[in-house]
1. Could you report the chain's accessible area per residue, 1.4 Å probe, as an integer in Å²?
2. Give me the angle, in degrees from 0 to 90, between the Cα long axis of helix 118-136 and the longest principal axis of the Cα atoms of the chain, rounded to the nearest 10.
3. Working with all protein chains in place, sort Lys15, Lys132 by solvent-accessible area computed with a 1.4 Å probe, largest first.
4. Using a Gaussian network for the chain with springs between C-alpha atoms less than 10 Å apart, which of these wobbles most: Leu36, Leu71, Leu94?
5. Who wins for biggest fluctuation among Ala69, Ala124, Ala109 in a Gaussian network model of the chain, springs between alpha carbons below 10 Å?
6. FRET efficiency for Tyr117 and Thr80, Cβ-Cβ distance as r, R0 = 35 Å, nearest 0.05?
7. As a test of the formula, what do you get for the chain when each DSSP H run with n ≥ 4 contributes -39,500 (n - 2.57) and the sum is divided by the residue count, at 222 nm and rounded to the nearest 500 deg cm²/dmol?
8. So how tilted is helix 2-15 from the main axis of the chain? Cα-based, degrees 0 to 90, rounded to 10.
Amino acid sequence: MVHELYQEIILDHSKRPRNFHKMDDANRKAEGYNPLCGDRLRLYLKMENGVVKDASFEGAGCAISTASASLMTESLKGKTKEEAMVLLDRFHDLLTTDSAVTAELGKLAVFCGVRDYPARVKCATLCWHTLKSALENNGGAPPASTE
Ligand code: ZN
């Protein structure tokens, strides 16, 4: 039953992705590509004093990759870079291990079912890998490839 609700949330975010637009005044950007599925993603961040003030993305991908980027950009706002990196680790654990769902994941817990479909894990984690490259470059550098 819980999984049905989770699937509904994923479907909703894939059909009506949040923060799905270009950001002209972003000071961090990165591009990600998942060759296994063909998912492409461009992530925009506006960082101020080490805090994510705004996050958005553009791209074309499957339902999982789109929903993941949509929920990720929602979760990032107001987080420090360090908090974002912790969230990345938790999310990665959620999808690749039998770790319990922790409260700090919030809505991101909807992706726990993806761990049963190893081929889709890269779809769900693509935006997070892209986030990592965005946080690690200074915006002026050329976009880093994730894989
Ligand atoms: Zn995909």
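The values are calculated or read from the model by the stated rules, or taken from the named source; none is laboratory data. Because the structure is a prediction, the values reported are computed rather than measured. We place every Cβ from the backbone using ideal geometry, glycine too, and count neighbours over all the protein chains shown. Ligands, DNA and RNA are stripped out before the accessible areas are found, and what is left, the full protein with its side chains, is counted by its heavy atoms. Shrake-Rupley method; radii C 1.70, N 1.55, O 1.52, S 1.80 Å.
1. On a per-residue basis, the chain sits at 52 Å².
2. So the helix axis and the longest Cα principal axis differ by about 20 degrees.
3. Correct descending sequence by accessible area is Lys15, Lys132.
4. Most flexible of the set in this elastic network: Leu36.
5. Ala109
6. 0.65
7. Rounded to the nearest 500, it is -14000 deg cm²/dmol.
8. It works out to around 40 degrees.
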